[in-house]
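One structure below.
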Amino acid sequence: MSVFIMACNGNESTQSSNQDLKAETDRMPVKKAIPDSEEEVSELPEGLKLINGSDCNVCHKKDIKLVGPSYIDIANKYDKSDKVITTLAETIIKGGKGVWGEVMMTAHPSLKGEDVEKMVEYILDLRTIE
């Protein structure tokens, strides 16, 4: 019987803590994953639209390392110059290995060079260090 009473009391504190957590998350701002309107889509930078229309986000996220580095880590590693943009675009199209570890970056030969350069420019604009 005492086990039953303890279990019930534990359940009340779990419910209370779940309610506290829900109240806390209700106050957090929510990032929309999908824009609500064509206007919101048109406000996105061209490079980001191209990234979102590709498979880049399977291995990369803006500020979290997944299979590959985050976009911000990439931006902080490279200066934004025509040479860097061209080199990174070629790496995306041809694939690569060794710069960020042993995991190979898959080649993306079906992407157009000019589109990939816009994607790289967007990524390099995320630089957070000077």
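The values are calculated or read from the model by the stated rules, or taken from the named source; none is laboratory data. All figures in this text were calculated on a predicted structure; none of them were measured in a lab. Neighbour counts run over all protein chains shown; Cβ positions are idealised from the backbone, glycine included.
Overview of results
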quantity	calculated
Failed condition for Leu88, given (1) crowded, with 17+ Cβ neighbours inside 10 Å; (2) outside the structural domain of Leu44 (by TED's automatic domain parsing)	(2)
Long-range neighbours under 7 Å by Cβ, at least six apart or interchain, first residue free of Cβ contacts under 8 Å to residues at least 12 places away in the same chain within the stretch 87-105, second surrounded by 16 or more Cβ atoms within 10 Å (Cβ to Cβ) and not β-branched (Val, Ile, Thr)	Gly96/Met105; Lys97/Met105
Of the criteria (1) in the same structural domain as Gly53 (by TED's automatic domain parsing); (2) outside any helix (DSSP H, G or I), which one Ile129 fails	(1)
Residue within the stretch 72-93 that is among the hydroxyl-bearing types (Ser, Thr, Tyr), over 22 Å from the mean Cα position of the chain (by Cα) and modelled with pLDDT under 95 present	no
Residue in the stretch 91-105 that is touching a His at 6+ places or on another chain (Cβ under 9 Å) and outside any helix (DSSP H, G or I) present	yes
Filter result (over 12 Å from Val116 (Cα atoms) and in contact with a helix residue (DSSP H, G or I) (Cβ under 6 Å, 6 or more places away or on another chain)) within the stretch 38-58	Pro45
Filter result (closer than 18 Å to Lys118 by Cβ and outside any helix (DSSP H, G or I)) within the stretch 59-78	His60, Lys62, Tyr78
From the options Lys94, Lys112, Lys118, residue that is within 24 Å of Ile64 (Cβ to Cβ) and of a type outside the set (Val, Ile, Thr)	Lys118
